[in-house]
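Take a look at the structure below.
Please treat every number below as a calculation from the coordinates, not as lab data. As the structure is a prediction and not an experimental result, all values here were calculated from the model. Virtual Cβ from ideal backbone geometry, glycine too; neighbours counted across all protein chains shown.
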Amino acid sequence: MTLETNRQLASKRYIRQAVQIVFVLFLLELLAFQLVGSDLLLTPILVSVGFALFVELGDALSWKRLESKGDETKATFFMAVSGFRFLLALLVLFVYYLNTDRGGMFAFLLLFAPFYLAVLAHHSVFFSHLRNNKSKNHR
């Protein structure tokens, strides 16, 4: 396989995994509401899903373009993605804070946190695994 094919396959795999993770979290949160028997808070869940998909798809598409660059560029990219993800999460939290009360904000944090942590974990595990496989192939 060529380098371009490997890059596209890895990018597609990353997107597929991201969509699966977000969908599973969405279903788990819906199930939790069903089991607890409380009113469904669909807006915070949909905002969290939108955030997670936006960050993951943006990450995958930008990584595909930068993958062929040198290691220094990749390190800068990973730092930039982490910073962008954090700042975007803060922006989402701030905008939601402006539109809700204290109880609504607490519920939003509880529903948003699993998506943020899943995006963070998926990014870290996927790219460390990809890097380890690449270093094994170069030996």
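Overview of results
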| quantity | calculated |
| --- | --- |
| Sorted by Cβ density within 10 Å, fewest first, the residues His123, His129 | His129, His123 |
| Whole-number percent relative contact order across the chain, with pairs defined as alpha carbons under 8 Å at least 6 apart | 36 |
| Dipole magnitude (debye, nearest 20) for the chain, charges at Cβ of Lys, Arg, Asp, Glu | 740 |
| Simple spin-label estimate for Leu57 and Arg16 in nanometres, 7 Å along Cα-Cβ | 1.8 |
| Most mobile listed residue (Phe51, Phe33, Phe126) in the chain, GNM with C-alpha springs under 10 Å | Phe33 |
| Rounded FRET efficiency, nearest 0.05, which uses the C-beta distance separating Leu35 from Ser128 and R0 of 35 Å | 0.55 |
| Share of pairwise Cα separations in the chain, more than 26 Å, in percent | 32 |
| Dimensions (Å) - segment 8-73, Cα atoms, principal axes, largest first | 52, 18, 15 |
